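Nothing in this text is a laboratory measurement; each read-out follows from the coordinates by a stated rule. Since the structure is predicted, the reported quantities are computational estimates derived from the model, not experimental observations. All Cβ positions, glycine included, derive from the backbone under ideal geometry; neighbour counts span all protein chains shown.
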């Protein structure tokens with residue numbers, strides 16, 4: 001599933017070409033992942049794209065009404081597991097599973113493709129947008145170290161679970177949780193409340209470095225992810241632990257193991273990331 005670096009990469013690519021463009025028409029294919037498809041067809045034509053930004057794992061298209069009023073509503077897009085958004089000429093080959101076409105006033109199209117249709121598209125009206133977005137947690141690239149520390153140390157939950165909880169930290173998923181914890185030498189089953197101040201400091205700095213590096217390399221293409229130009233990312237070449245079960249740790253040479261933490265496969269080094277006391281066979285694959 002695209003995480004913060006992938007969504008940020010797509011947002012930056014779209015931000016270079018979309019602001020100022022008007023949506024002239026909307027064509028829909030399958031719509032089971034769209035909240036109120038009729039609203040898209042009714043509300044979007046004629047609107048101007050004022051801005052494109054990332055919010056957690058969401059893309060937000062800030063839209064202005066044709067009458068020139070201030071921004072009144074947003075289009076929220078979650079890419080799910082296989083969602084892609086690209087701009088292209090209308091004569092470009094239509095990829096299979098392309099379900100949404102936004103015609104633009106410069107003749108191009110913004111297309112949404114989603115093989116598994118686990119994504120979501122909906123309109124956030126003015127007045128409800130703030131309450132919806134307020135449900136999300138801190139952005140790890142915007143949060144201060146003190147804010148990060150308070151969020152982590154106040155919870156007696158496993159650090160892996162805290163990172164995956166979008167109400168705690170928005171944007172991080174399985175890949176960047178495992179990569180950050182390995183680099184910070186913290187086991188995914190450690191409790192947030194039990195982390196020492198030095199460990200939280202190290203983890204805060206590590207998370208930011210990992211995310212920033214992944215953004216520079218345009219994200220991780222481990223499945224269907226491509227950027228807004230249809231190009232894959234390169235950060236998967238820098239993965240040190242994710243999906244490397246049975247392979248040697250880059251740091252110590254011990255074999256990487258996998259355990260189920262917070263309902264997700266978690267990859268870690270049993271030597272570099274010591275298990276918390278009392279955990280039961282955390283190194284066993286399941």
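Extending each Cα 7 Å along its Cβ direction at residue 51 and residue 21, get the distance between those two points in nm, one decimal.
Those two pseudo-labels are separated by 1.9 nm.
Taking 8 Å as the Cα distance limit and 6 or more residues as the minimum spacing, I'd like the relative contact order of the chain as a percentage.
On the way: 600 pairs, mean separation 49.8, N = 286.
Here the relative contact order equals 17 percent.
Who wins for biggest fluctuation among 164, 75, 237 in a Gaussian network model of the chain, springs between alpha carbons below 10 Å?
237
Determine one quarter of the surface area of the Cα convex hull of the chain, which equals its mean projected area, and express it in nm² to one decimal.
On the way: hull surface 62.2 nm².
Spelled out: convex hull of the Cα atoms, projected over all directions, averaged, 15.6 nm².
Between residue 133 and residue 35, what length in nm is gained on full extension when 0.36 nm per residue of separation is reduced by their alpha carbon distance?
33.6 nm
How large is the Kirkwood hydrodynamic radius of the range 145-268, counting all unique pairs of alpha carbons, in Å? Walk me through the intermediate numbers first.
On the way: mean 1/r = 0.0668 Å⁻¹.
Result for the range 145-268, one decimal place: 15.0 Å.
For the range 4-133, compute Rh as the Kirkwood radius over C-alpha pairs and then the Stokes-Einstein diffusion coefficient at 10 °C and 1.306 mPa s; write the answer in µm²/s, rounded to an integer.
Values: Rh = 14.6 Å.
For the chosen part, D equals 108 µm²/s.
Applying 1/(1 + (r/R0)^6) with R0 = 45 Å to the Cβ-Cβ distance of residue 222 and residue 144, what FRET efficiency is obtained, to the nearest 0.05? Before the final figure, lay out each step's value.
Numbers: r = 31 Å, r/R0 = 0.69.
After rounding, the FRET efficiency stands at 0.90.
If R0 is 45 Å, what FRET efficiency do you get for residue 260 and residue 28 from their C-beta distance, rounded to 0.05?
It comes to 0.75.
Suppose the chain between residue 202 and residue 126 were pulled fully straight at 0.36 nm per residue; how much longer would it get relative to their current alpha carbon spacing? Don't jump to the answer; show the numbers that get you there.
On the way: separation 76, 0.36 × 76 = 27.36 nm, distance 3.93 nm.
Here the answer is 23.4 nm.
What FRET efficiency comes out for residue 212 versus residue 166 if R0 is 25 angstrom and r is the Cβ-Cβ distance? Round to the nearest 0.05.
Step by step, r from the Cβ atoms, then E = 0.80.
May I ask you to compute the full-extension gain from residue 153 to residue 105, defined as 0.36 nm times their residue separation minus their alpha-carbon distance, rounded to one decimal in nm? Walk me through the intermediate numbers first.
Values: separation 48, 0.36 × 48 = 17.28 nm, distance 4.98 nm.
Between residue 153 and residue 105, full extension yields 12.3 nm more.
Using the alpha-carbon atoms, what tilt in degrees (0 to 90, nearest 10) does helix 174-184 show relative to the longest principal axis of the chain?
40
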